[in-house]
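Engineer: Below is one structure. I have some questions about it.
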Amino acid sequence: MSSMTDAPKEPFRLSMLIYDSRFRAITIQVVALIAFIAGVAWIVNNTIQNLEALGKTPDFGFLLKPAGYDINQRLIEYNSQMTHARAAFVGLLNTLLVAALGCALATIIGIFVGVLRLSKNWLVGRLMTVYVETLRNVPVLLWIVFLMAIISEVPPKPADFRSGKAQMLFDSIAITNRGIYIPEPLFSRSLGDITVLKGVLNDSFYFSISLDLIVLLAVFLGGLIISGLIKRRADRIQEATGERPTTWYLRLGVVILPTLIVLYLLGFHLGFPQLKGFNFKGGIHLRNSFVALWIALSLYTAAFIAEIVRSGIMAISKGQTEAAAALGLRSGKIMSLVILPQALRIIIPPLISQYLNLTKNTSLAIAVGYMDITGTLGGITLNQTGRELECILLLMLIYLTISLSISSVMNWYNERVKLMER
Amino acid sequence: MSEQSYVRDEMLPELPPPATEVGIIGWMRENLFSGWLNTILTLIGIAIVYMAVSAALPWFLNGVWNANSLSECREILQGKSGACWGVIRDRFNQLMFGFYPHEEQWRPVLAFVLLLVAIAPILFNPMPLGMKIGWGGFILVGLWLLRLTGAPTLAYLVFLALALPVFHEKMARKILFFSALFPFVMVWLMWGGSAWYVISALLGFVIGYLAFRLLEPIIGFLFSIIVSVLVAIGWWFFLTAPFAAWMAGIIPLELTPVESRKFGGLMLSVMLGVTGIVGSLPLGIFLALGRQSDLLIVKSISVGFIEFIRGVPLITLLFVASTLLNIFLPPGTEFDIILRVMIMVTLFSAAYMAEVIRGGLAALPRGQYEAADALGLDYWKAQRLVIMPQALKISIPGIVSTFIGLFKDTTLVSIIGLLDMLGLANAIRATTAWNGIIWELYLFIAFVFWIFCFSMSRYSMYLERKLQTGH
């Protein structure tokens, strides 16, 4: 009879670092770490030497010095006497603005195209295929500059509106070769603004928030919450008695009525653009560069979103629809209770990564002169101060922050909807 | 007595289906007018198609080709709708080659047709019959292009000698040898200068390999790898230049050198795209393996690199290439902007490639890894023989769409001042002759990109079907 014996304990030899897989892992990691640190040290050392030769030591102090250039499109107060940091902040807000509006428009167009591409209608299906294949197989930068060229050359000059050669749409929207003018919301009994962060870091980051907007949003959200409570009550009654009280007018009313009343109390009215001199005054002026960037990015990303929506819906097997129909659900209910919850699980993660792509693509603004963060911090500030290293590092850091926050939202969502597996 | 008056004892002949259910009318009823919503959609669709065609077709067909400026073109048109295609004819050469010297343009053409020769055996082998006919057509077109750009006789011979064997399955496999050499050939053809520099750089690999084969039986696998890498690096650093100069003195193999600031147009995009693709796939595979690895430090370096690159827009990396890369390198290092851009583009797409391949690795059933382990394969053998072939196959659509994205992203170099087609378009629109031209120029560029990207996406579908092994 033989008994199990432990493998003989070998004394540690140096060659085991290479030939023994237990120790080899450590060897490889140590070598990798040393190589990595050596590489980084080499680059840092070169950088220091080069910067010394150029007479520029890394220093972020320039950010608090006056910028000295103007930015023609901005969401917050800015003039050329303000700091470089302020200019970068204006640029950042511009980036976020075009990213948010772009994501919204791209989603709407994308869902529309994706659903229509699945339609049984042959002609419509083909048209949408042409849209998708055309848009996504051509570089987005080309679409941006192309659209920019078109909208600066094709629409009428503001002077043409005076001579009657061109008409405003509904007397309120003017599409000119200098941009699009749309009505602006105004409040005659305005509550004023509150200003935050005034006086911090040479006034670099202060901004004002309209109190009117806060009140409106608060009332609107309050209405939504009450409407939710009414729905819950209706659900409870349905559970208990089997009959559902009709509540849609009540739910609509509690959202809309208070909002309308507040709008009236604040004296809400529209300020229309007026032709004065050689140009339009009043209203909101959407500049060509903004419109070109916004529309081109949205159309381009919409083509990708359409494909995501289409494949998401197609991925739900036909059996699901049939099973829901067998349970006696109507087709609207089948969509909202069975198909969409499953399809969204597939659609949302790639959708968010498209949002991420769109946000990164807003950096192409520099090609059409829209002053986003790349145009201010990575463009004019960089060229004026000659601080390439600091500007580009900051720029990358800002984009990295935006990207990582979007992808953390995605990870949170993925975690939440993950199928519970054994 | 029978009460039955009549019983039919044979079948009635089949009636044809109603005319509204078959043929073109039936198809239209089913696909275009089935219900009021569909009818409305169809009518809207017809209206859109009609408006687009009625506006674009006369403009397109009425185009003027033989005009040398926009005003001349408008004179010829006399207020009628029509495209000024003259700009394409006038500037075609520039849009394709940038400012590459005119008498040397056969070199990029030769490089491009050889590129197709180099990838054909990888992409399509064996060739189906239809593709063989297409390949014959390609050879004729290639010869014609070479003739058009005034290539020397040797160029034709090289092209034919390499393109003809692709027809034959076994011979095509031998061409694969050329595919590996192609990057070096391309560098020489594009930049010119003495061929010996390229050849001696190539010799570095050969010497390293020989050293490895000679030493492996003596000092073992690991040490021989280390030694042969050191030998190759030593060759590149200390002996390449003297050797090349010496050989050039004996047998001069010279092409006129072309500076890279003269590169431009479609040629530049294709070059950046090809180097990016060739470089990013292997780099991406290593990054993906690093990210999947159990080794903590290797893993965190890979994750950090991938997430950093994916988190910033390409344009910031191009800014790094154009302004910062020289600061990161030892003082006094000067190298070419195109080379710097190539490095950045490759690193950028490698990070995306890594994520695509990681997806493929994750989609592979766990059993495949365990089976490979159970067979006693070591890590690299398991990867090479079991894991990678399957993981790469799963990730083909993603890999190809990364390639397409990379090719489209090459247009971004126009922002840092390189003259690709978009950069040239801006330059052309700024000249007096063509000031104010939009549609013709941009539509042409869009069309060129569309052809490249669309054919790549179709190829990926073909490959998916070809490699389909499931049921």
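The values are calculated or read from the model by the stated rules, or taken from the named source; none is laboratory data. Quick caveat: nothing in here was measured; it's all calculated off a predicted structure. All Cβ positions, glycine included, derive from the backbone under ideal geometry; neighbour counts span all protein chains shown. We work out accessible area using only protein heavy atoms, side chains counted, and drop any ligands, DNA or RNA first. Shrake-Rupley method; radii C 1.70, N 1.55, O 1.52, S 1.80 Å.
Engineer: Using the crude model of +1 on Lys and Arg Cβ and -1 on Asp and Glu Cβ, and no other charge, please compute the dipole size for chain A relative to its Cα centre, in debye to 20.
Structural biologist: 1060 debye
Engineer: Going toward the positive end of the dipole of segment A:180-308, with +1 on Lys and Arg Cβ and -1 on Asp and Glu Cβ, which of A:A234, A:A296, A:N279 do you reach last?
Structural biologist: Value: A:A234.
Engineer: Please identify the helices of chain B, taking whole runs of DSSP H, that span at least 27 Å along their own axis as judged from the Cα atoms and have a mean Kyte-Doolittle score of -0.5 or higher.
Structural biologist: Span-like helices in chain B: B:36-61, B:129-148, B:169-191, B:195-219, B:265-292, B:337-363, B:439-466.
Engineer: Quantify how much of the Cα-Cα distance distribution of segment A:261-392 extends past 26 Å, in percent.
Structural biologist: 58 percent
Engineer: Need the list of lysines near A:K276 for cross-linking: C-alpha distance under 26 angstrom, and skip anything on the same chain fewer than eight residues off.
Structural biologist: A:K157, A:K165
Engineer: On each of the three principal axes of the Cα atoms of segment B:19-61, give max minus min coordinate, whole Å, ordered largest first.
Structural biologist: That works out to 40, 22, 9 Å along the principal axes.
Engineer: Still on this model: What figure in square angstrom, to the nearest 10, would you give for the accessible area of B:E259 with a 1.4 Å probe?
Structural biologist: Counting only protein heavy atoms, B:E259 exposes about 90 Å² to solvent.
Engineer: Using all alpha carbons of segment B:9-103, what is the percent of pairwise distances in each 10 Å bin, ordered from the shortest bin to the longest?
Structural biologist: Answer for segment B:9-103: a P(r) of 13, 20, 17, 15, 16, 10, 5, 3, 1 percent.
Engineer: Taking the Cα centre of chain A as the origin and placing charges on Cβ (Lys, Arg +1; Asp, Glu -1), which of A:P350, A:L327, A:V90 is farthest toward the positive end of the dipole?
Structural biologist: After comparing all options, I get A:L327.
Engineer: Moving on. Leaving out same-chain residues fewer than 8 places away, which lysines sit with a Cα under 20 Å from that of A:K56?
Structural biologist: Of all the lysines, those that pass the test against A:K56 - Cα under 20 Å, at least 8 places apart if same chain - are A:K65.
Engineer: At each listed q (0.09, 0.17 Å⁻¹), what is the log10 of I(q)/I(0) that the Debye formula gives for segment B:263-471 modelled as equal alpha-carbon point scatterers?
Structural biologist: -0.45, -1.19
Engineer: On a C-alpha basis, how far is the centre of segment A:19-85 from the centre of segment A:354-371 in Å? Whole number, if you could?
Structural biologist: 23 Å
Engineer: Could you sort B:W65, A:W294, B:W36 by accessible area so the largest value comes first, with the probe set to 1.4 Å?
Structural biologist: Descending accessible area places them as B:W36, B:W65, A:W294.
Engineer: Which value, in Å³ per residue, describes the convex hull spanned by the Cα atoms of segment B:100-172?
Structural biologist: Looking at segment B:100-172, the number lands at 70 Å³ per residue.
Engineer: Then there's this: Under a 5 Å amide H to amide H cut-off, with H placed in plane at 1.01 Å, what residues pair with A:L275 once short-range neighbours are removed?
Structural biologist: Sorted by chain and number, the residues that satisfy this are A:K281.
Engineer: Return the carbon/sulfur percentage of the accessible area of the protein assembly as shown, one whole number, probe 1.4 Å, all protein chains in place.
Structural biologist: Here carbon and sulfur together make up 68 percent of the probe-accessible area.
Engineer: Round to the nearest 0.05 the FRET efficiency obtained for B:S457 and A:I256 when R0 = 30 Å and r is the Cβ-Cβ distance.
Structural biologist: Efficiency, rounded to the nearest 0.05: 0.05.
Engineer: Follow-up. Assigning unit charges at the beta carbon (Lys, Arg +1; Asp, Glu -1) and nothing else, what dipole magnitude in debye, to the nearest 20, does segment A:271-422 show about its Cα centre?
Structural biologist: Once rounded to the nearest 20, the dipole reads 500 debye.
Engineer: Show me you know the interface measure: the accessible area buried between B and A, both chains summed, probe 1.4 Å, in Å² to the nearest 100.
Structural biologist: 4800 Å²
Engineer: Please give the contour-minus-distance gain from A:L344 to A:S21: 0.36 nm per residue of separation, less the Cα-Cα distance, rounded to one decimal in nm.
Structural biologist: Gain on extension, A:L344 to A:S21, equals 111.8 nm.
Engineer: How many nm separate the modelled label positions at B:F223 and A:R330, each set 7 Å beyond the Cα in the direction of the Cβ?
Structural biologist: For the pair B:F223/A:R330, the computed spacing is 8.3 nm.
Engineer: At a Förster radius of 30 Å, what calculated FRET efficiency corresponds to the Cβ-Cβ distance of B:S54 and A:E184, to the nearest 0.05?
Structural biologist: That gives a FRET efficiency of 0.20.
Engineer: Give me the Kirkwood hydrodynamic radius of the protein assembly as shown in Å, from all C-alpha pairs, to one decimal place?
Structural biologist: After inverting the mean inverse Cα-Cα distance, the result is 32.8 Å.
Engineer: Ordering B:V278, B:V341 from largest to smallest accessible area (1.4 angstrom probe), what's the sequence?
Structural biologist: I get B:V278, B:V341, largest accessible area first.
Engineer: For A:K418, give me every one of the lysines with a C-alpha distance below 19 angstrom, ignoring sequence neighbours fewer than eight places off in its own chain.
Structural biologist: Qualifying lysines at Cα under 19 Å: none.
Engineer: Can I ask one more? For segment A:206-271 and segment B:384-418, what is the separation of their Cα centres, given in Å?
Structural biologist: One Cα centre to the other: 49 Å.
Engineer: Given a cut-off of 32 Å, name the pairs among B:K80/B:K262; A:K333/B:K393; A:K281/B:K408; A:K198/A:K360 whose C-alpha atoms lie farther apart than that in the structure shown.
Structural biologist: Violating the 32 Å Cα-Cα cut-off are B:K80/B:K262; A:K333/B:K393; A:K281/B:K408.
Engineer: Tell me which DSSP H helices of chain A clear both cut-offs, 15 Å or more of axial length from alpha-carbon atoms and a mean Kyte-Doolittle hydropathy of at least 0.5.
Structural biologist: Once both thresholds are applied, what remains is A:21-54, A:84-117, A:122-136, A:140-153, A:211-241, A:248-265, A:288-314, A:388-417.
Engineer: Just to be sure I understand: of the beta bridges DSSP finds with both ends in chain A, what percent are antiparallel, rounded to 5?
Structural biologist: Just about 100 percent of them are antiparallel.
Engineer: Using a simple charge model, +1 on the beta-carbon of Lys and Arg, -1 on the beta-carbon of Asp and Glu, nothing else, what dipole does the protein assembly as shown show about its Cα centre, in debye to the nearest 20?
Structural biologist: That gives the protein assembly as shown a dipole magnitude of about 760 debye.
Engineer: Follow-up question, since we're still on this one. With labels modelled as points extended 7 Å from the Cα through the Cβ direction, what inter-label distance (nm, one decimal) is found for B:I122 paired with A:I209?
Structural biologist: 5.5 nm
Engineer: Mean separation of Cα pairs under 8 Å and 6+ residues apart, divided by the residue count of chain B: what relative contact order is that in percent?
Structural biologist: This gives 15 percent for chain B.
Engineer: Would you mind getting me the FRET efficiency between A:T129 and B:K170? Use the beta-carbon distance for r and R0 = 41 Å, nearest 0.05.
Structural biologist: Using R0 = 41 Å, I get an efficiency of 0.55.
Engineer: Using all Cα-Cα distances in chain B, what percent lands in each 20 angstrom bin from 0 up to the longest?
Structural biologist: Result returned by the calculation: 16, 46, 27, 8, 3, 1, 0.
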